[in-house]
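Colleague: Dumping the structure here so I can ask a few things about it.
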């Protein structure tokens with residue numbers, strides 16, 4: 001939700017009156033930032049809520065985002081509830097008559113609502129051009145249907161700017177039915193109008209001082225590039241057995257580390273792990289101040305599930321990555337990091353797994369250790385670090401006046417304002 005909030009803040013700082021529509025349990029993700037922004041400047045951001053129909057679909061009270069969806073049954077109920085949001089959202093649009101509707105592509109019914117009231121609608125993609133171009137060609141050419149096994153590899157067809165190799169097991173179920181190069185491909189081959197206005201996290205600081213001070217103090221005591229940060233995002237479930245293998249790899253690596261696990265994770269620690277790593281290891285349960293951690297000079301590597309927000313944060317802070325994709329477009333993102341940009345090393349994850357629930361696919365500690373070493377120690381690690389540092393500087397220039405993202409944001413806002421006339 002943070003990218004959505006950052007987009008709203010960007011619109012507001014450029015003079016647009018903006019309104020966020022969310023559900024009661026998600027208000028806190030937005031309210032603090034809105035309060036700070038509206039008190040410190042003259043920008044206008046409003047917040048409206050619609051009730052989430054958890055009762056109607058059989059979800060527990062307060063289960064209004066993916067963080068609390070932990071079983072396949074809840075997954076399908078959640079999507080049913082999202083569909084039921086269409087009518088109350090329609091009522092809001094009818095009442096407030098917005099000039100433009102910006103909705104995440106997740107809300108497929110937003111087009112119908114916008115059409116009903118003749119309101120222009122923009123779709124917000126939280127992913128990247130690279131993965132969208134791959135999905136487009138998979139749907140167009142269906143190369144995976146010609147394979148004899150899930151492990152057999154194929155080159156994604158469609159004359160992409162780079163050769164991208166995948167296997168059937170890495171594809172998301174729905175797919176079975178350098179970024180600038182892919183912007184051109186998206187526009188000229190796929191024929192879709194777009195505006196690239198990120199990375200959002202360079203514009204705003206979303207982490208309060210009270211939330212990060214203890215972690216920062218711990219990092220301040222460590223040497224430059226001596227800490228490896230391990231985090232799989234807020235919606236990925238990692239089994240106790242897999243965490244056990246990660247713990248062994250971290251112990252054998254001998255480097256400082258921060259390991260983030262879900263707040264509801266049960267006991268999993270390998271025998272004597274905490275005692276053996278005391279002083280060089282920090283375990284965080286639940287939310288972690290990721291942007292601050294990655295931006296700290298002591299952090300030299302990032303083990304990531306390849307969610308796009310995480311990859312962006314790795315790039316804009318100049319940290320090489322160990323890629324460990326699990327689901328969604330993450331396997332495609334991995335190819336961008338390791339094969340195209342060459343700023344990361346694969347841990348060896350080759351099987352798409354469900355977003356909810358646990359699975360029995362375990363990566364062994366030796367494979368994990370090898371990947372961690374490749375981004376933390378030696379000449380290969382330094383080469384990756386040099387490349388990602390160059391990308392970091394490029395990213396910072398793109399949001400400055402005259403940069404591509406700055407110019408694209410200006411063009412988008414000009415277009416939105418033109419809808420009034």
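Colleague: Any residue in the range 60-71 that's outside the structural domain of residue 233 (by TED's automatic domain parsing) and under 15 Å from residue 262 (Cα atoms): show its pairings with residues that are modelled with pLDDT of 85 or more and surrounded by 15 or more Cβ atoms within 10 Å (Cβ to Cβ) at Cβ separation under 6 Å, as long as the two are six or more apart or on different chains.
Modeller: 69/75; 69/78
Colleague: Give the residues of the range 388-405 that are in a helix (DSSP H, G or I) and more than 21 Å from the chain's Cα centre (by Cα), sorted by residue number. Even if it seems obvious, please write down each step before you answer.
Modeller: Step one: list which residues in the range 388-405 are in a helix (DSSP H, G or I), which gives 388-398, 404-405.
Correct list: 390, 397, 404.
Colleague: Here's something else I'd like to know. Looking at the range 120-211, what helices (runs of 4 or more DSSP H) fall wholly within it and have at least 3 residues that are under 30 Å from residue 416 (Cα atoms) and either at pLDDT 75 or above or in the same structural domain as residue 352 (by TED's automatic domain parsing) (or both)? It would help to see each step written out before you state the result.
Modeller: Details: elements: 129-141, 173-176, 179-188.
Helices (runs of 4 or more DSSP H) meeting the threshold: 129-141.
Colleague: State all residues of the range 17-34 that are closer than 24 Å to residue 414 by Cα and either buried (at least 18 other Cβ atoms within 10 Å of the Cβ) or touching a strand residue (DSSP E or B) at 6+ places or on another chain (Cβ under 6 Å) (or both); if no residue qualifies, say none. First the steps, then the outcome.
Modeller: Going residue by residue through the range 17-34, those that are closer than 24 Å to residue 414 by Cα are 17-21, 34.
Those that are closer than 24 Å to residue 414 by Cα and either buried (at least 18 other Cβ atoms within 10 Å of the Cβ) or touching a strand residue (DSSP E or B) at 6+ places or on another chain (Cβ under 6 Å) (or both): 18, 19, 20, 21, 34.
Colleague: Of all residues in the range 48-89, how many are out of contact with any helix residue (DSSP H, G or I) (no Cβ under 9 Å at 6 or more places or on another chain) and in a loop (DSSP other than H, G, I, E, B)?
Modeller: 3
The values are calculated or read from the model by the stated rules, or taken from the named source; none is laboratory data. Model, not experiment: these values are computed from the prediction. With ideal geometry, Cβ positions are generated from the backbone for all residues, glycine too; neighbour counts draw on all protein chains shown.
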